[in-house]
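Since every read-out is calculated from the coordinates, none of them should be taken as a lab result. The shown structure was predicted, so the numbers you read here are calculated from the model rather than taken from an experiment. Glycine gets a Cβ as well: all are built from the backbone with ideal geometry, and neighbour counts include every protein chain shown.
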Amino acid sequence: MPEHALPSFCDQRVMRLEPPSRRGHPGMLDLSRNELIHPRLDEVIREVLGSARAEASTRYPIYRDLVAELAPHLGCAAEELEVFPGSDDAIGVIIDALGRDAPGRGQPRMLLQDPNYDGYRYHAGLRGIEILPWPPRPGTFRFEPSDVTRAMAQLPPTIVVVTEPHGSFGTALGDPAVLGLAAAACLHGHMLVVDTCYQAFADAEAAQSAAELRQSGQSVMVVGSFSKALGLAGLRLGYVIACPELIGYLRRWRRAAAVSGITMHAALQILSRHAARMKAIRADVTEGRDWLAGQVTGLQRGWRPLPSSTNFLTVDVGTPAMARRVIDDLAQRKIAVRSHAARPAFASLIQITAAPAEVLRSVAAALASIEDPSQATS
Ligand SMILES: Cc1ncc(COP(=O)(O)O)c(C=O)c1O
């Protein structure tokens, strides 16, 4: 579009942002997007979609009823829950609703565990919110909670975002640390957003503490997604759990009936009728993840799988050059994995979506066949 054609209504700062998009890898085993991958998943989804009544498509969804039906499955009350077309949309609505100039608060800010899911940076950028990054300790992939609690003691009211377990590293801060952040948020008047999109792949105790977290006060929002846990990335369903007052406020900001009746039907069916099958599917995925970690360690190349509580495995292969080489080699074998090359501090990482071991055997074989330059004879 020529410059002069851009209406004065359009914000140049927004025009400079790259529109959000995901890249597909047709014809490849796509292990780059943290979707739920399992040979038995298609069968569950087909059954669930086949059971939808025509009204789920022909009638407007009645949010109030659907949310009330969903709430017990998430261990909360209907007034504590709101649904969104993906947690990505929930993030946008949270920032719209809470990241505004308010009297006495000055410029809105977001203190963000960094790296993080790109959506946070994007939605903040769109709305002109300043990002204060919370990086891992230098030379490590470990976030130190005291770094952020110290900052929280000094900042004016700020949105503080953590992803637990972490969306790039797969690691978890652990319940006591997250509850400590919630207490600090309450004490200093911040809003803590805890993104739990990968929680279903962590151990049972971690899931338990989500309830505790929610009850820790008015300064905490829990963001969740069914994209990974229930294999509904294409149907789009995310949610926020918080105290009734906050949920009531968010509800006023969300788009009307953006979640479809078919999507809600699928989620409710899976949760009420197929929970055990889904649990078994997730168990196969985490078992496959741990198997792959063992295979990587067994190569004895000094490649270091980070401890994962998610449906992916992030591996530090030592150098950005090695990461590029591994990613290119896998691509030649029609396997796509995620690169972190865009961020120099994390460019030695490769991120591989987990799946049952039978699916990951080709990945392990491909990794084993990559020549180790340190062992090459001249
Ligand atoms: C940490 C995290 N949060 C949120 C999302 C968005 O997920 P969705 O919009 O599919 O619920 C993702 C997607 O990968 C993610 O990794």
- [ ] Select from D88, D329, D195 the residue whose mean-square fluctuation is largest in a Gaussian network model of the chain (Cα-Cα springs shorter than 10 Å).
- [x] D329
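Fully extended, how many nm does the chain gain between L6 and A368 (0.36 nm per residue separation, minus their Cα-Cα distance)?
Extra length from L6 to A368 when fully extended: 125.1 nm.
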- [ ] Pop out the ³J(HN,Hα) list for segment 109-120 in order, Karplus 6.51 cos²θ - 1.76 cosθ + 1.60 with θ = phi - 60°, rounded to Hz; leave Gly and Pro as x.
- [x] 9, 10, 8, 10, 4, 9, x, 7, 4, 4, x, 5
Task: Proximal charge balance of P133 [Cβ under 14 Å; K/R count +1, D/E count -1] - done: -1
Task: Cα-centre dipole for the chain with unit charges at Cβ (Lys and Arg positive, Asp and Glu negative), debye to 20 - done: 500 debye
Task: Listed residues I62, P85, L41: farthest to the positive end of the dipole of segment 41-178 (Cβ charges) - done: P85
- [ ] Go through I370, G261, I241 and say which Cα lies farthest out towards the positive end of the charge dipole of segment 234-378; charges sit on Cβ, +1 for Lys and Arg, -1 for Asp and Glu.
- [x] G261
Open item on the list: Residue by residue through segment 288-294, what is 3J(HN,Hα) from phi via Karplus (6.51 cos²θ - 1.76 cosθ + 1.60, θ = phi - 60°)? Round to whole Hz and write x for glycine and proline.
Closed with: x, 4, 5, 5, 5, 4, x
Open item on the list: Below 11 angstrom from the Cβ of L349, what's the summed charge of the other residues (Lys, Arg +1; Asp, Glu -1)?
Closed with: +2
TODO: Would you tally the net charge around A78, using a Cβ to Cβ cut-off of less than 12 Å, leaving A78 out, and scoring K and R as +1, D and E as -1?
DONE: -3
Open item on the list: For a protection proxy built on the mean count of beta-carbon atoms within 10 angstrom, sort 115-126, 35-46 highest first, please.
Closed with: 115-126, 35-46
- [ ] Evaluate E = 1/(1 + (r/R0)^6) for E69 and A321, where r is the Cβ-Cβ distance and R0 equals 56 Å; express this FRET efficiency to the nearest 0.05.
- [x] 0.60
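Ignoring everything except DSSP H segments at least 4 long, calculate the 222 nm mean residue ellipticity for the chain; use -39,500 (n - 2.57) per segment, divide by total residues, nearest 500.
Result for the chain: -12500 deg cm²/dmol, rounded to the nearest 500.
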Task: Sorted by Cβ density within 10 Å, fewest first, the residues S51, S21, S339, S219 - done: S21, S51, S339, S219
